[in-house]
Amino acid sequence: MKKEKILFCRCTRLEKEALEKEAGKTQQKVSAYVRERLFYDPRIFNRKAQTQELKKSMDDLVYQVRKIGVNINQIARSNNTGFFNAKDLETLEKRVEELEEKINKAVQELEEEGR
């Protein structure tokens, strides 16, 4: 396919030298090396799947927070009417623990992705 568009990119002298060195190792021009790394490296292509997975996790966390809000409202209503139910509090504590575990897992995945 004919390459007809030019893309300029600013980088430091050291970054440019590193790109030239890595491209030289593969006996490619810098532009070919950059295209290959950008468009054919599986870590780049997997970003879309990772983003979708992260969105799904965040949607689940939002759902869990809503459920906790409903439980808090139920407990407040029960308490205000004098019919406090300890089971509601236990359910709320369980959901908060589940949410905390999911948040910790999401944070850990984000930290691992950043490495």
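The values are calculated or read from the model by the stated rules, or taken from the named source; none is laboratory data. The model shown is predicted, which means the values in this text are computed figures rather than measured ones. To get the accessible areas, we keep the full protein, side chains included, count just its heavy atoms, and leave off ligands, DNA and RNA. Shrake-Rupley method; radii C 1.70, N 1.55, O 1.52, S 1.80 Å.
Tell me whether region 48-56 contains one or more residues that are farther than 16 Å from VAL107 by Cα and in a helix (DSSP H, G or I).
Within region 48-56, one or more residues are farther than 16 Å from VAL107 by Cα and in a helix (DSSP H, G or I).
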Within region 56-100, count every residue that is within 22 Å of the chain's Cα centre (by Cα), open to solvent by 100 Å² or more (accessible area, probe 1.4 Å) and not basic (Lys, Arg).
3
